[in-house]
Amino acid sequence: MDETTCKICSIPVGPYHPALEEIAFYKVYVDGERIVDALIKPGFNHRGIEKLAMQRSYRRNVQLFERVCGICSDAHTTAYCVAVENCLKIDVPKRAQYIRVIEHEANRIHSHLLWFGVAMHAIGFDTLFMHSWATREAIMDVVETLTGNRVNYSVNTIGGVRRDITPELAKYIEEKLRIVEKGTLYLLKAVKEDRTIKARTSEVGVLTKEEARKYCVVGPTARASGIDEDIRKDDPYINFEDFEFEVCVEDTCDVYGRILVRLRETLESIKIVRQALKNMPEGKLIADLPYPFPSEDVGRVEAPRGELIYYVKSNYTNIPERIKLRTPTFVNLPATKPMLVGDKLADAPQIIISIDPCLTCNDRLVIVDLRSGREKTVLLQDFIRRRVKM
């Protein structure tokens, strides 16, 4: 179906709205319990942030781009700083790069554990949801101690980082990593052994390797469909070439595979942080900054949801001439259509959640019963809680 053959329901808020980070609208067509088609209407993934960034200095923009996403705020500041540093040919000290790696991977750990809890809640497994978030608190303690904040870290800056890691802090981080590792291994064991999780997620939301290539999906969504791609390996940034880790790939191509990929990646991130702490070089935290000159470049990082790209164009001022960002959700969102079609209506929430979308709480589903013609607009959280009545 397309917009010419079906009635399109409007979203009451957005896409241009200061309260929205990014938004997507799903219109799901069902024949009984089976989804036969889906219409996705995504919005824009910024709130005038790009325009605002072209009126602020390079340094002030770091705090601005942290607010694109609260969950993966470090990924955004890392991508932005890398883009500016590439553009202005800034040589970041190696110690600062290693500290960035620690922050970057701590951000990935907390994001994956947060997502896992939400995914378990979507299938009604609230016990693992609570276990996951309890484990996540240990890495949040690390983030708070390392940066002073739990959400917007305010540590990355153009040319390096603003905070150092002392030997005492390194010891504290290692203690917390042991807690996170033990908790993650428990979650992984539960996922592999629990029949309920397999029944609810195996062969659900299937996205074949060919479809994943066609839709150009990125991150854990791509790796769960058998695609061996990771920017940390394929195009190393912030000295990731110095670290040994495995790119976690699954070939199940379903929700179950996306769960396994993220939990395995959490363990790999712990391995990376330990290497960074062990091999931390000496040196400065911030490089000497040159005066801006005309140039342009990009920063590509592997955010928790996948490839995140920042484009920066400079001129002779300390204010960028142009900035453009592309988030992984914007790429992965269209792929939810082939994931949904053919599955049961009850599986729609976990399929949508399986790509770890960075949407807002204003998202809605419109369910259309093809037999009766009735339509029902519902909040996603109400749909998860099974409060929908046609």
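The values are calculated or read from the model by the stated rules, or taken from the named source; none is laboratory data. Quick caveat, the model's predicted, so the values are computed rather than measured. A quick note on method: Cβ atoms are made from the backbone with ideal geometry, for glycine too, and the neighbour counts reach across all protein chains shown.
Tabulated data
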item	result
Failed condition for VAL151, given (1) under 29 Å from GLN350 (Cβ atoms); (2) among the aliphatic types (A, V, I, L, M); (3) in a helix (DSSP H, G or I)	(3)
Residue tally, condition in a helix (DSSP H, G or I) and either surrounded by 20 or more Cβ atoms within 10 Å (Cβ to Cβ) or in contact with a strand residue (DSSP E or B) (Cβ under 9 Å, 6 or more places away or on another chain) (or both), over region 112-130	10
Qualifying position, being without any contact (Cβ under 8 Å) to a residue 12 or more places away in the chain and farther than 21 Å from ASN279 by Cβ, among LYS209, LYS214, LYS171	LYS214
First in region 328-340 and without any contact (Cβ under 8 Å) to a residue 12 or more places away in the chain, second anywhere and surrounded by fewer than 23 Cβ atoms within 10 Å (Cβ to Cβ), Cβ under 8 Å, 6 or more apart	none
Unique match (being among the basic types (Lys, Arg) and either more than 22 Å from VAL101 (Cβ to Cβ) or touching a Leu at 6+ places or on another chain (Cβ under 8 Å) (or both)) among ARG223, ARG200	ARG200
ASP254 vs. criteria within 20 Å of SER354 (Cα to Cα) and either out of contact with any helix residue (DSSP H, G or I) (no Cβ under 9 Å at 6 or more places or on another chain) or among the acidic types (Asp, Glu) (or both)	yes
Counted residues, region 214-228 - those being touching a helix residue (DSSP H, G or I) at 6+ places or on another chain (Cβ under 6 Å), in a loop (DSSP other than H, G, I, E, B), at negative phi and not β-branched (Val, Ile, Thr)	2
Residue match in region 175-187 (condition: farther than 28 Å from TYR256 by Cα and either out of contact with any Phe, Trp or Tyr (no Cβ under 8 Å at 6 or more places or on another chain) or in a helix (DSSP H, G or I) (or both))	yes
Long-range neighbours under 6 Å by Cβ, at least six apart or interchain, first residue closer than 22 Å to ARG136 by Cβ within region 270-281, second of a type in the set (Asp, Glu)	ILE270/GLU181; ILE272/GLU105; VAL273/GLU105
Flag if LEU267 is surrounded by fewer than 16 Cβ atoms within 10 Å (Cβ to Cβ), modelled with pLDDT of 95 or more and closer than 25 Å to HIS110 by Cβ	no
Sole exception among (1) within 22 Å of the chain's Cα centre (by Cα); (2) more than 28 Å from ARG67 (Cβ to Cβ); (3) surrounded by fewer than 18 Cβ atoms within 10 Å (Cβ to Cβ) for ARG150, by number	(2)
Answer from ARG262, ARG274 - the residue that is under 17 Å from the mean Cα position of the chain (by Cα) and either on the phi < 0 side of the Ramachandran plot or not aliphatic (A, V, I, L, M) (or both)	ARG262
Given (1) closer than 30 Å to MET120 by Cα; (2) of a type in the set (Gly, Ala, Ser); (3) modelled with pLDDT of 95 or more, index of the condition ALA276 fails	(1)
Output for region 235-260, where each listed residue is over 20 Å from TRP115 (Cα atoms) and in a helix (DSSP H, G or I)	PHE240, GLU241, ASP242
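Conditions (1) closer than 18 Å to ILE353 by Cα; (2) among the polar types (S, T, N, Q), marked per residue:
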position: MET120; (1), (2): yes, no
position: PHE129; (1), (2): yes, no
position: SER132; (1), (2): yes, yes
position: VAL155; (1), (2): no, no
position: ILE173; (1), (2): no, no
